[in-house]
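Here is the structure we will look at.
The values are calculated or read from the model by the stated rules, or taken from the named source; none is laboratory data. On a predicted model such as this, the values are computed, not experimentally measured, just so you know. Cβ placement follows ideal geometry from the backbone for every residue including glycine, while neighbour counts extend to all protein chains displayed. Heavy atoms of the whole protein, side chains included, go into the accessibility calculation; ligands, DNA and RNA do not. Shrake-Rupley method; radii C 1.70, N 1.55, O 1.52, S 1.80 Å.
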Amino acid sequence: GGQDIGSLYMDDGYLFFKIDRIEKSIIGDTINYEIMIQEGPQATIKNIGIYGNDRTNDHVLRRELFTLPGYKFSRTDIIRSIRQISNLGFIDPEKVNPVPKPNYADGTVDIDYNVAEKSSDQLELSAGFGGGIGFTGTIGIVFNNFSLRNIFKFKEWDPLPMGDGQKLSIRYQSNGRFFNSANLSFTEPWLGGKKPTAL
C-alpha cells in the first residue's frame, strides 16, 4: 500500500513526504493499520543535469524531457522522460539512470540523468558480378545521430559530424548496365527546434 501511496504523492510534486504505518488492531487474520502522512511542500524542479553523453549534444536529450526547471516534481514525468530518451535509438535504454537530488531547505529538486550512448549507425552491403551485366548490388549507410551544422568542422568528423540527432542516409543500387540509382536523404526530427516536427 505504502509504495502505491508514495507513487501518487510523488506524481503530484510531494517529494518531501513521510509515511508512517501504525498497527491499530489484530482481529482474527486481519491487521488494521493507520497510515499517517506528513506531506511537506511540493517540490519544484530547479536544475536538470545530463551526464555520459560524449557525442550527443545536451539539447538533443533535453528536448525529449518532460521534467523541466520550474515544473512540479513528478515520478511519472521521469518515467516518460526515460522512455523518450531511450526511443532516440542512440542511447542505451538499460543505462538511463535519473537521480533526484532534493533540497529540503528551499523545496526544490535537481535531477541528474546519467546516460550511456550506443552506436546506431547501419551499414548495408550486397554485391555480385555477372558476365555481360557487370556489378550488381546495393551499398548503403545510415547515420542516426548526424550533425549538419558541423559539416564544415572537420575536427568533429568521427567518421562524420555527430551529435544533433539528425539522420543521414546514403544508398547506391545497381543492376549492372540496366539500372543505377543513388539516394541521399536527410531528416531533421525537430524542425525549428520548438517541437518534434520532422522534415
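Odds and ends about this structure:
- Scanning the range 35-68 for residues that are at negative phi and under 15 Å from the mean Cα position of the chain (by Cα) yields a total of 20.
- Residues that are open to solvent by less than 80 Å² (accessible area, probe 1.4 Å), in contact with a Lys or Arg (Cβ under 8 Å, 6 or more places away or on another chain) and in contact (Cβ under 8 Å) with a residue 24 or more places away in the chain, drawn from the range 142-172: Val142, Phe143, Asn144, Asn145, Phe146, Met162, Gly163, Asp164
- Near pairs, Cβ below 6 angstrom, 6+ apart or cross-chain, from the range 173-199 (over 30 Å from Leu65 (Cα atoms)) to any residue that is among the aliphatic types (A, V, I, L, M) and at pLDDT 80 or above: Leu184/Ile170
- Residues being at pLDDT 85 or above, under 27 Å from Val99 (Cβ atoms) and exposed (fewer than 14 other Cβ atoms within 10 Å of the Cβ) - total across the range 18-49: 2
- Exactly one residue out of Asp106, Asp77, Asp54, Asp20 is acidic (Asp, Glu) and in a strand (DSSP E or B), and it is Asp20.
- Test: residue in the range 79-92 that is touching a strand residue (DSSP E or B) at 6+ places or on another chain (Cβ under 9 Å), open to solvent by 60 Å² or more (accessible area, probe 1.4 Å), more than 20 Å from Trp190 (Cβ to Cβ) and not β-branched (Val, Ile, Thr): no
- Flag for Ser119 being open to solvent by 70 Å² or more (accessible area, probe 1.4 Å) and either small (Gly, Ala, Ser) or within 26 Å of Met162 (Cβ to Cβ) (or both): yes
- Among (1) at positive phi; (2) surrounded by 12 or more Cβ atoms within 10 Å (Cβ to Cβ); (3) more than 11 Å from the chain's Cα centre (by Cα) - the single one Tyr71 does not satisfy: (1)
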